[in-house]
Amino acid sequence: MRRFADLYGASPLHLLAMLASVALAGYAALELFSSEPILVLVWFVGAAIGHDLVLLPLYALVDMALVRSSRRRRVDEVTARAVPWVNYVRVPLLVSGLLLLVYFPSILRLSSGYETTTNLSADPYLGRWLLVSGVVFVASAAAYALRLRRSAPG
Amino acid sequence: MVTRLREMATGEQAPPGPFRRGFWRSPLRGPWLTSVFGLLLLVGVTILFATGLLSYAAYNPELAGNDLTPGHGLFGSYLFDWPTRPSWLYRVTQGTHVLLGLVLIPVLLAKLWSVIPKLFDWPPVRTPAQAIERASLLLLVGGAVFEFVTGLLNIQYWYVFPGSFYTLHFYGGWVFIGAFAAHVTIKLPTMTRALRSRSLRVELRTDTAHTQPEPPDPDDLVSPDPAQATVSRRGVLGLVGAGSLALFALTVGQSLGGFWRGTALLAPRAQDPGTGPNGFQINKTALSAGVTDSAQDDRWRLELLGGDSGMSLSRDELLALPQHTADLPIACVEGWSTEPQTWTGVPLRDLAATAGVSSPQSVFVESLDDGTFGSTSLRGNQVLDGDSLLALQVNGADLSVDHGFPARVIVPNNPGVHNTKWVTRLTFEV
């Protein structure tokens, strides 16, 4: 047993679980890749790369810029220190961004068949997303104003 | 230079940037936080997979014309006769599948964020175990994102994925779930230990100023050089929860119907297509099916086949047969559904008897629509349920062309697309 762990780097259970998973994936992949193998592979690997090397770095950079600018600005040293504003931008920005990430095909009207298929209008989604985003930002601003007021001296 | 390269290759010195541990400075990354998201995904993905399997069974893929994944092999070994009761079952399971999938997106993103430094582990491979595990993680992450993305695109009618949604989402789901089960098997002890290492109650009471990094862990999730916290763990959990709640609140109405449909501001089925008896959701209009003219042709007849006999009936002749009324919803694989509508028409079992097959194994239903799902099969238990109708009217009015005029199938607990519209022929199989 020791010998195995030294050579392999983990327990036999680890190897078993891995082999089972790869075998199952292989069995499913035979069918998954049966019609458009290259394109499906591009989509599958692209899904991982698209998240790990595009989406995540993108939002991390935006967040980093936000945090840096919140540290640099010294409008009012006292209040800024007492009530950091960064999360009052972060939260609405993330909620609005998440809604766009999930519903961008509807918001940007990317489906050519939606209206004829459903007999519904594709028009409202952009406006609704802007409206929801606006409400979230205003609510966050109001919450910040309230916090500032509470922490104001006197 | 040569020495540097050798150092890099042997792992003594990682290349600069994300490959160095000090690059990752969030004070929140650590096994406890990762495990909280992991536990939520463990429960959530299990429900997603189970409801996904149910939806596959609901399509009765063993019957002629129903299976878009004929090579399913062992993946069909669990299949069972999909019941007709309770009539709202598919509405609930498929509504749950889609809604839960949406709500889990922020959790999945947070989980992946929490472990991103592991992608840049240096050296990339230390042992055979690590090599095979990293390959399996590509299946896990690629599979998860692939499943969520194909699902999201399908419910929004943007068919840019390479092939049939059913094929991709079904086999992709199996690739993903295999990697998921292996990951859970390997990581369960780590997750349990990590969850016990901190108290959720204490974390929920800790603000940003008092947020400290977790102690160094063997998996190197915790930053060796953590920055000062700008948000607490409570804040991160709250943020993920807020994201999930926003998606839930802006979508759930399309599965509840009635007043609530109007609250699903961003969901694909947030509006009603019209008013009056036929004003409820249309899966696929007559225009998009290309049947607007043929469905309104006076020469339309229903062909009834079974055993050795065959006959054809006009709409008036169908209306002259004993009519039955049933309140049944329409529930789509895309997660939206309607409240029960009041359908009136001829029970399928009466038509089976008329065709000379009193207890059919199945019925093959053909439509004027010759696209995907134009022709489907229903199983014997579905034909024999007293509420299964060849409907001619809905909510007291004739069916509109978009809802299947001159006649359509409506069966309790049947996936929407199997409630075939613009029916031209019923073939009852003994």
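Some notes on this structure:
- Where B meets A: accessible area buried, both sides, 1.4 Å probe, Å²: 6000 Å²
- Rg/Rh (Cα only; Kirkwood hydrodynamic radius) as it applies to segment A:76-154: 1.23
- Accessible carbon and sulfur surface of segment A:76-154 relative to its total accessible area, %, 1.4 Å: 67 percent
- For the protein assembly as shown, the solvent-accessible area with a 1.4 angstrom probe is 46 square angstrom per residue.
- When both segment B:249-294 and segment B:123-170 are represented by their alpha-carbon centers, they are found 31 Å apart.
- Taking a straight Cα-Cα cut-off under 21 Å and skipping sequence neighbours fewer than 8 places away in the same chain, the lysines within cross-link reach of residue B:284 are B:421.
- Average 1/r across all pairs of distinct alpha carbons in the protein assembly as shown, invert it, and you get the Kirkwood radius: 26.8 Å.
- Chain B: angle of helix B:31-58 to the longest principal axis, Cα-based, in degrees nearest 10: 20 degrees
- For the segment B:74-82, counting C-beta atoms of other chains within 10 Å of every residue's C-beta and taking the mean gives 1.
- Charged side chains reduced to their Cβ positions (Lys and Arg at +1, Asp and Glu at -1) give segment B:2-249 a dipole of some 660 debye around its Cα centre.
- Peptides B:232-243, A:132-143, B:207-218 ranked from most to least packed, by the mean per-residue count of other Cβ atoms within 10 Å: B:232-243, A:132-143, B:207-218.
- Reduced Cα scattering model of segment B:54-115, Debye log10 I(q)/I(0), q = 0.24, 0.25, 0.26, 0.30 Å⁻¹: -0.98, -1.01, -1.04, -1.18
- The peptide list B:24-33, B:260-269, put in order of mean Cβ contacts within 10 Å with the highest first, becomes B:24-33, B:260-269.
- All lysines inside 22 Å of residue B:187 as judged from Cα atoms, apart from same-chain residues fewer than 8 positions distant: B:111, B:118
- Taking label positions 7 Å along the Cα-Cβ direction at both residue A:35 and residue A:104, the computed distance is 2.5 nm, reported to one decimal.
- Chain B: most fluctuating residue of B:92, B:202, B:252 per GNM, C-alpha cutoff 10 Å: B:202
- Contact with the other protein chains removes 50 Å² or more of accessible area, compared with the isolated chain and a 1.4 Å probe, from these residues of segment B:251-288: B:265, B:266, B:271.
- Charge dipole (segment B:2-249, unit charges on Cβ, about Cα centre) - positive-most of B:80, B:19, B:60: B:19
- In chain A, the alpha-carbon atoms span a convex hull of 239 Å³ per residue.
- Taking chain A as a Gaussian network of alpha-carbon nodes connected by springs under 10 Å, the highest mean-square fluctuation of the residues A:23, A:48, A:60 belongs to A:23.
The values are calculated or read from the model by the stated rules, or taken from the named source; none is laboratory data. Keep in mind that what you see is a predicted model, and the values were worked out from it rather than measured. FYI the Cβ positions are ideal-geometry reconstructions off the backbone, even for glycines, and counts take in every protein chain you see. To get the accessible areas, we keep the full protein, side chains included, count just its heavy atoms, and leave off ligands, DNA and RNA. Shrake-Rupley method; radii C 1.70, N 1.55, O 1.52, S 1.80 Å.
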